[in-house]
Amino acid sequence: MTERNKINKYIDKYKINGKELEILFILKGFKEEKIVSQKEISKITKRPKTTINYQFKRLREKNLVNKKNNLTERGIEAIQYFIQRDKSFSKKLRAHKIQMSITIQKLPKFFFQSKNKILQPFTNGKYKGLKGMLKGVNMCFYSSNKLVVKIPDVLANSDSEIVCAIEGVVSQIYEVIETEFKGIKLGGYEICKFSSMHCAILNSVVAESFLLEKKHNYSNGTFCIDGSKGVPELEAENVKTVFDDINYLSKYEDVVKENQELKKQLKWGKN
């Protein structure tokens, strides 16, 4: 699969084409309060106004832009999703399902009673709180001292790269939340706790061989094999041991690759 085909596969997640993606990146450069005219976009892209009008119609239907032609939260998420993968096609590992619990040190009075355009009430039978999405990050305020966030996927080549990337994302999350919701003070990083995270080897030869033979996904609570993202993945899924497990799986993956290469060389030698 070529790099361009890989890019197209990721674009397909949001069902947009390359020209629509270009519009999203152009809109990213405008301030949120600015009403962007289609005439401006037509001039920048050098495409007819009728074409731009049709593309904006499609982007609105997919909830990627709003009536002011600004990016929606989903539009921001789509750009973040593409940028991460555009820079990371050569990456080996994908950390996902990353859920983190943060202690809230200070919360404004009547926070749960006040109206907010971002947060909406929710209940899961056990808890009542507020949930919403901000800059591509899902948030759930469970109580006056507990916030749970789900972090976007992180791609890297090692567990240390993943840790550094997550720390960078967490730092941005703190800044965004404390800026958006005036009066909130979040606890320090030392009291953050990861409650969920998977780490997967992308394009795993082990997973590919298993899926070809068994025709189904597999999980035992510690590691799993699936192809749900379009590529075969060998995953560590126990959050308590995820980094030790992914190191073990990476070494196993390398051994299998070496064996496959050795078999090829022996086959060629016989021929």
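Annotation for region 193-215: at least one member residue is farther than 21 Å from Arg94 by Cβ, outside the structural domain of Lys257 (by TED's automatic domain parsing) and surrounded by fewer than 18 Cβ atoms within 10 Å (Cβ to Cβ). Count of region 100-114 residues, restricted to those that are in a loop (DSSP other than H, G, I, E, B) and either of a type in the set (Phe, Trp, Tyr) or surrounded by fewer than 16 Cβ atoms within 10 Å (Cβ to Cβ) (or both), is 7.
Take the residues in region 120-166 that are of a type in the set (Gly, Ala, Ser) and in contact with a helix residue (DSSP H, G or I) (Cβ under 7 Å, 6 or more places away or on another chain), then tell me which one is farthest from Lys240 (Cα to Cα).
Of all residues in region 120-166, those of a type in the set (Gly, Ala, Ser) come to 125, 129, 132, 136, 143-144, 156, 158, 160, 165.
Pick out the ones that are also in contact with a helix residue (DSSP H, G or I) (Cβ under 7 Å, 6 or more places away or on another chain) and you get 136, 156.
Details: Gly136: 26, Ala156: 20 Å.
Filtering region 120-166 for residues that are of a type in the set (Gly, Ala, Ser) and in contact with a helix residue (DSSP H, G or I) (Cβ under 7 Å, 6 or more places away or on another chain), the one farthest from Lys240 (Cα to Cα) comes out as Gly136.
Being more than 17 Å from the chain's Cα centre (by Cα), buried (at least 16 other Cβ atoms within 10 Å of the Cβ) and among the hydrophobic types (A, V, I, L, M, F, W, C) is true for just one of Leu134, Leu59. Which residue is that? Lay out the reasoning, then the answer.
Details: Leu134 fails: more than 17 Å from the chain's Cα centre (by Cα).
One residue alone meets the criteria, Leu59.
Would you call Lys117 of a type in the set (D, E, K, R) and outside any strand (DSSP E or B)? Against the criterion (of a type in the set (D, E, K, R) and outside any strand (DSSP E or B)), Lys117 qualifies.
For the condition farther than 21 Å from Phe82 by Cα and touching a His at 6+ places or on another chain (Cβ under 7 Å), what is the one hit in Glu178, Glu237, Glu208, Glu213?
Details: Glu178 fails: touching a His at 6+ places or on another chain (Cβ under 7 Å); Glu208 fails: touching a His at 6+ places or on another chain (Cβ under 7 Å); Glu213 fails: touching a His at 6+ places or on another chain (Cβ under 7 Å).
Testing whether each residue is farther than 21 Å from Phe82 by Cα and touching a His at 6+ places or on another chain (Cβ under 7 Å) leaves just Glu237.
Residues that are more than 26 Å from Glu235 (Cβ to Cβ), basic (Lys, Arg) and touching a residue at least 60 places away in the same chain (Cβ under 8 Å) do occur in region 175-186.
From the residues in region 52-72 that are in contact with a helix residue (DSSP H, G or I) (Cβ under 8 Å, 6 or more places away or on another chain), free of Cβ contacts under 8 Å to residues at least 24 places away in the same chain and not charged (D, E, K, R), which one is farthest from Leu24 (Cα to Cα)? So that I can check it myself, show each step before the final result.
Kept after step one, since they are in contact with a helix residue (DSSP H, G or I) (Cβ under 8 Å, 6 or more places away or on another chain), are these residues of region 52-72: 52-53, 55-56, 58-59, 62-67, 69-71.
When the remaining residues are screened for being free of Cβ contacts under 8 Å to residues at least 24 places away in the same chain, the result is 53, 63, 66-67.
Of the ones still in play, those that are also not charged (D, E, K, R) are 53, 63, 66.
Values: Asn53: 14, Asn63: 12, Asn66: 12 Å.
Among those residues, the one meeting the criterion is Asn53.
Hey, among the residues in region 141-156 that are within 17 Å of the chain's Cα centre (by Cα) and either assigned to a strand (DSSP E or B) or more than 17 Å from Ile98 (Cα to Cα) (or both), which one's modelled with the lowest pLDDT?
Initially, region 141-156 is screened for residues within 17 Å of the chain's Cα centre (by Cα), giving 148-156.
Narrowing further to those that are either assigned to a strand (DSSP E or B) or more than 17 Å from Ile98 (Cα to Cα) (or both): 148-151, 154-156.
On the way: Val148: 90, Val149: 90, Lys150: 87, Ile151: 83, Val154: 81, Leu155: 77, Ala156: 80.
Filtering region 141-156 for residues that are within 17 Å of the chain's Cα centre (by Cα) and either assigned to a strand (DSSP E or B) or more than 17 Å from Ile98 (Cα to Cα) (or both), the one modelled with the lowest pLDDT comes out as Leu155.
Tallying residues that are out of contact with any helix residue (DSSP H, G or I) (no Cβ under 9 Å at 6 or more places or on another chain) and surrounded by fewer than 19 Cβ atoms within 10 Å (Cβ to Cβ) within region 170-180 yields 6.
The values are calculated or read from the model by the stated rules, or taken from the named source; none is laboratory data. What you are looking at is a predicted structure, and each value in this text was computed from that prediction instead of being measured. In this analysis, Cβ positions are derived from the backbone assuming ideal geometry, glycine residues included, and neighbour counts consider all displayed protein chains.
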